[in-house]
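Visitor: One structure, as C-alpha cells, below. Some questions next.
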Amino acid sequence: MGHTKKELFSIAQAANACSISRSTLLRMEEEGLLMPALHEDGKYRYYSTENIMQAMQINVLHRMGLTRKEIRPIFETPEQLDGVIERLTVMRDNLDSAITELKKRTMQDSTTEVELLQIPETLCYIKSYDVEGSRYDLGQYLQETITEAIRAGCRLNWDRRPFMRVQRPDLAEGIYRPGSYRYHICVPILTHLKRLQGAGTVQSRRILSVTWHGRVTDLPDRILTLAANARARGLTPTGWFHVIQLILNRPSGEHDPVSDVLQLGCVVE
C-alpha cells in the first residue's frame, strides 16, 4: 500500500530518530539494504515508520561488524543464518546478545525457551490503550507509538526493543477474568524534549520469560502457564507482564502472524 507524503518523514527526521547521519541513510540505500517509501522527482526522499525501524536494525548489525553481504540474508532469508551465527560466535565476548537474538530468529513452531532475566531500567515513550478482552493488534499499536515518538522528536534507543506491559492479576493467580485492561506500549528512547507527555521510566524488574514461535493471540494461555511455572519455582508473580515482539512484520507488508517470535515476561518477586 502506498504512502502519502503527509504520512512520511523527511530524511532529516529519519536520521534524527535513528541518531545517524543523512549520509548513513543514503549509504544504506546505495548498498541496496533500505529503500525510501517515496523518492519524489528522483531528488527528495521520504521515509515510513517501517523504513526507520529497518534502518535502526541495519545500523546495529553494522556496528556488530557484519558486512552488507552478511546483513542482506537477515532481511531476505532469515531462516538461513548458520553462517552469520558462526561469524558472531568468533566475536562472542562482545556480541553475546546478538547471537542469542539471531538464534531465536530460527526457532521452530514447537520451540520454547524459558529463562530468568533482569530487565534494565529503561527510559521510554509510552502510549496506553484500553482494550476489551484480548482483541488487540500488537504490531499496529507498536507502529503507532513509534510514529508518535519520532514526531515528538525523540531519539530512539536501538539497543533495547519496544515492549508491551499489562497488569493482569487474574492471570497471575491462574484465573482468566474477561474485561477491559490497559495495555502500555513502551518504546525505548535515548532523549526527549523537555515536558514531553508520554515519556517515562520503566524500572528494572526481575522476570521469568518464555520465548516462542507463534501468534500474539496465544498470550492468555501463555501467561497462565508462565505464572504457574513461576510459582512452581518458588517465585511470586506480581501481576505485571511484558511482551516483546522479537521479529517485526517484514518490510514487504506480507506477513504471516505465525512467523512471529515473541517473548513474554512475568514480573516476579
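The values are calculated or read from the model by the stated rules, or taken from the named source; none is laboratory data. Just so we're clear, the structure is a prediction, and the values are computed from it rather than from any experiment. With ideal geometry, Cβ positions are generated from the backbone for all residues, glycine too; neighbour counts draw on all protein chains shown.
Visitor: Pull out all pairs, ordered by first then second residue, where Cβ-Cβ is under 8 Å, the residues are six or more apart or on different chains, the first lies in the range 19-31 and is outside the structural domain of Ile71 (by TED's automatic domain parsing), and the second is polar (S, T, N, Q).
Guide: Matching pairs, first to second residue: none at all.
Visitor: State the number of residues belonging to the range 120-134 that are modelled with pLDDT of 85 or more and either among the acidic types (Asp, Glu) or not assigned by TED's automatic domain parsing to the domain that holds Arg233 (or both).
Guide: Summing the residues that are modelled with pLDDT of 85 or more and either among the acidic types (Asp, Glu) or not assigned by TED's automatic domain parsing to the domain that holds Arg233 (or both) in the range 120-134 gives 2.
Visitor: Just for the range 25-46: of the residues that are out of contact with any Leu (no Cβ under 8 Å at 6 or more places or on another chain) and under 17 Å from Leu66 (Cα atoms), which one is surrounded by the most Cβ atoms within 10 Å (Cβ to Cβ)?
Guide: Leu33
Visitor: Right, here's the next one. Among the residues of the range 226-237, write down those that are in contact with a strand residue (DSSP E or B) (Cβ under 8 Å, 6 or more places away or on another chain) and surrounded by fewer than 18 Cβ atoms within 10 Å (Cβ to Cβ). Give the steps one after another, and end with the answer.
Guide: Keep residues of the range 226-237 that are in contact with a strand residue (DSSP E or B) (Cβ under 8 Å, 6 or more places away or on another chain), which gives 226-227, 229-231, 233, 235-237.
If the condition is that a residue be in contact with a strand residue (DSSP E or B) (Cβ under 8 Å, 6 or more places away or on another chain) and surrounded by fewer than 18 Cβ atoms within 10 Å (Cβ to Cβ), then Asn229, Arg231, Arg233, Thr236 are the ones that fit.
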